[in-house]
Structure formats: C-alpha cells, structure tokens
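**Q** Can you keep this structure in mind? I'll have questions shortly.
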Amino acid sequence: MARRPWRRHGPDARFLTARSWTGPRTIDLHALRSVRTWKEVHRGGATTYLVVTDASGTRLSFTGTEADRLIRRYAVEHARRTLDAQPIRMTRLASADLGIRPLPRLLSGLRSLLALERLVVLVIGPMMISAAIVSR
C-alpha cells in the first residue's frame, strides 16, 4: 500500500517512488504491465484499491482519485503515444473503476453483493462460530 507523499522523478517523470509498509518502492510508469482493482467493504462504506505492477514485478497499490488519474493517463494515453509499448493487462473491473469502460449493470450489482458477502464471511462468520462454541 503506497503511503503519501509520492515522488515522481527521472527522465519524463517516469518513475514513481512511494513509501510502503515494507519500505520505499519505485515503479516505472512507462513499463506498466498490469492494472487491477479490489474493493474492500467496511462499516463506513467501501474502499477501492488500485494495484499496479511494472515490468520488474514491483507492485504498488493506491487509493484515491489522484492515483486513478495518474494510472489512467499512463495506462491509456501513454500506450497510444508509444508505438513499441508492451500491452498493459487491465482487468475489466479496473477499467470500470478508472472510467475507461463501464461494467454491465448485472456485473456491477453482483460485484457489490460479492464484496458485502466477503465481509460477512470474514467478520461475522467467525463471530458466530465462536459464539456457538462458547454457548456449549
């Protein structure tokens, strides 16, 4: 998880260095290989994480609209401008979260339902099991 402040540097500001829990990580924005998202539902709403991987395998995850704009620009516009650019694998959910291509209505509703179901399984499920064990 990238923590602020981020720092862009290098020629054409192609490198992005961010602090993570394991130390600073640097990704090459010109060599992005994959973009995906995952959503975490919590009591106050939901948080969408944008996970990017570059050619060296370095992975960083971001939250917030500033990161969305930056990754959208490099994933879409930079790939169009560069003739020899490697294709970037982008999941359908990531392209929907970045505003590139919308999800069909059925998949959008199903995604929200599955995110809520995961919360129930991971939080409420163990609570119910421990309550059943204690009540015996």
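The values are calculated or read from the model by the stated rules, or taken from the named source; none is laboratory data. Computed from a predicted model, the values in this text were never measured in an experiment. Every residue, glycine among them, receives a Cβ derived from its backbone with ideal geometry; neighbour counts consider all protein chains shown. Surface accessibility is based on the protein's heavy atoms, side chains included, excluding ligands, DNA and RNA. Shrake-Rupley method; radii C 1.70, N 1.55, O 1.52, S 1.80 Å.
**Q** Among the residues of segment 9-25, which ones are in a strand (DSSP E or B), in contact (Cβ under 8 Å) with a residue 12 or more places away in the chain and open to solvent by 60 Å² or more (accessible area, probe 1.4 Å)?
**A** Hits for segment 9-25 are Phe15, Arg19, Arg25.
**Q** Here are some conditions: (1) open to solvent by 100 Å² or more (accessible area, probe 1.4 Å); (2) more than 30 Å from Arg14 (Cα to Cα); (3) modelled with pLDDT under 80. Gly44 meets all but one. Which one does it not meet?
**A** All conditions pass for Gly44, except number (1).
**Q** For residues in segment 67-80 being at pLDDT 80 or above and among the basic types (Lys, Arg), which is farthest from the chain's Cα centre (by Cα)?
**A** Step by step, filter segment 67-80, then rank; the result is Arg73.
**Q** Here are the criteria: (1) in a strand (DSSP E or B); (2) open to solvent by 20 Å² or more (accessible area, probe 1.4 Å). Tell me which single one Leu50 does not satisfy.
**A** Exception for Leu50: condition (2).
**Q** Any residue that is outside any loop (DSSP other than H, G, I, E, B) and at pLDDT below 85 - is there at least one of those in segment 54-66?
**A** For segment 54-66, residues outside any loop (DSSP other than H, G, I, E, B) and at pLDDT below 85: present.
**Q** Does segment 93-106 include one or more residues that are part of a loop (DSSP other than H, G, I, E, B), among the polar types (S, T, N, Q) and either modelled with pLDDT of 80 or more or surrounded by fewer than 13 Cβ atoms within 10 Å (Cβ to Cβ) (or both)?
**A** No - not one qualifying residue is present in segment 93-106.
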